[in-house]
1. Confirm whether Ala93 is under 19 Å from the mean Cα position of the chain (by Cα), crowded, with 17+ Cβ neighbours inside 10 Å and closer than 29 Å to Pro134 by Cβ.
2. Evaluate the range 3-13: report whether one residue or more is in a helix (DSSP H, G or I) and out of contact with any Ser or Thr (no Cβ under 8 Å at 6 or more places or on another chain).
3. So, of the residues in the range 24-62 that are touching a Cys at 6+ places or on another chain (Cβ under 9 Å) and farther than 23 Å from Gly124 by Cα, which turns out to be surrounded by the fewest Cβ atoms within 10 Å (Cβ to Cβ)?
4. Give the range 12-23 a look and list any residue that's touching a residue at least 12 places away in the same chain (Cβ under 8 Å) and either among the small types (Gly, Ala, Ser) or surrounded by fewer than 24 Cβ atoms within 10 Å (Cβ to Cβ) (or both), or say none.
5. Considering only residues that are free of Cβ contacts under 8 Å to residues at least 40 places away in the same chain and part of a loop (DSSP other than H, G, I, E, B), which ones fall in the range 155-170?
6. Count, please, the residues in the range 71-90 that happen to be buried (at least 19 other Cβ atoms within 10 Å of the Cβ) and over 17 Å from the mean Cα position of the chain (by Cα).
Amino acid sequence: MRLTVLGGCGAWPDAGQACSGFLVEHDGFRLLVEAGYATLPRLLAHVPAGGVDAVYVSHGHPDHCADLNPLLRARALADDPPPPLAVYAPPGALDAVLALDRPGMLDAAYDPRPFAPGDAFHIGPFSVETRLLPHWLPNAGLRLAAGRRTLVYTGDTGPSQAVVELARGADVLIADATYVDEVPEDSRAYLGSARLAGGWAEAAGVGRLVLTHLWPGTDPASAVAAAAAEFGGRVGVAEPGDLP
């Protein structure tokens with residue numbers, strides 16, 4: 001299983017950065033997990049628009065799905081359009097982004113695959129488990145398994161034992177770390193921190209922790225230090241490029 005980070009900013013992309021986006025590949029199958037702001041140009045540096053086999057979106061906030069629109073445009077408007085793109089998301093999560101174009105323009109470009117958070121299914125060679133995790137919108141945390149490797153991604157989430165259950169024994173946990181330490185009171189139930197992510201990683205016994213969704217302007221070293229205070233394994237930040 002190969003993981004390429006396209007972006008890891010929360011809310012909006014910082015200068016030269018992109019919001020949530022991860023390209024996961026196995027046995028020639030290319031799965032795009034999230035398509036946040038500014039992820040498409042980074043994706044196209046690795047694979048043509050028609051080369052993506054499926055998309056998974058955790059929830060409907062635009063920093064996780066806005067660039068699905070230009071991805072579908074690139075496919076729909078190609079001289080030789082590829083087959084419809086399988087798009088997995090909770091029901092209604094993509095209504096706003098799919099409504100950006102005139103009715104029917106993108107219909108032939110995608111194949112909607114709605115699922116309820118908590119469902120288990122397959123996407124190509126990947127075995128998929130999902131969990132409903134606390135956020136302002138229904139957010140589906142993701143566990144992907146293929147080739148004896150396991151990757152877990154939280155999407156955006158506040159504190160929940162379900163994160164630990166989903167991540168148990170995973171090789172890599174990509175976790176919401178919007179804040180370094182203290183989460184503002186009005187967001188405490190719906191967003192995470194680097195320190196909280198470190199605690200999840202330690203409790204779940206994961207092999208590696210990757211912090212994502214950092215608020216623009218956050219010092220990555222401070223986030224890593226906060227997570228490392230709770231987790232004894234390898235910690236890093238979701239920086240664009242292949243995860244070594």
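1. In short, yes.
2. No, the range 3-13 contains no residue that is in a helix (DSSP H, G or I) and out of contact with any Ser or Thr (no Cβ under 8 Å at 6 or more places or on another chain).
3. Here the answer is Pro62.
4. Across the range 12-23, the qualifying residues are Trp12, Pro13, Asp14, Gln17, Ala18, Ser20, Gly21, Leu23.
5. Thr157, Gly158, Pro159, Ser160, Arg168, Gly169, Ala170 - these are the residues of the range 155-170 that are free of Cβ contacts under 8 Å to residues at least 40 places away in the same chain and part of a loop (DSSP other than H, G, I, E, B).
6. Total meeting the criteria: 5.
Matching residues to (1) of a type outside the set (Val, Ile, Thr); (2) closer than 23 Å to Glu230 by Cα:
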position: Gly118; (1), (2): yes, no
position: Phe126; (1), (2): yes, no
position: Ala146; (1), (2): yes, no
position: Val152; (1), (2): no, yes
position: Gly158; (1), (2): yes, yes
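FYI, it's all coordinate maths here, none of it is from the lab. Keep in mind that this is a model prediction, so the values were computed, not measured. Virtual Cβ from ideal backbone geometry, glycine too; neighbours counted across all protein chains shown.
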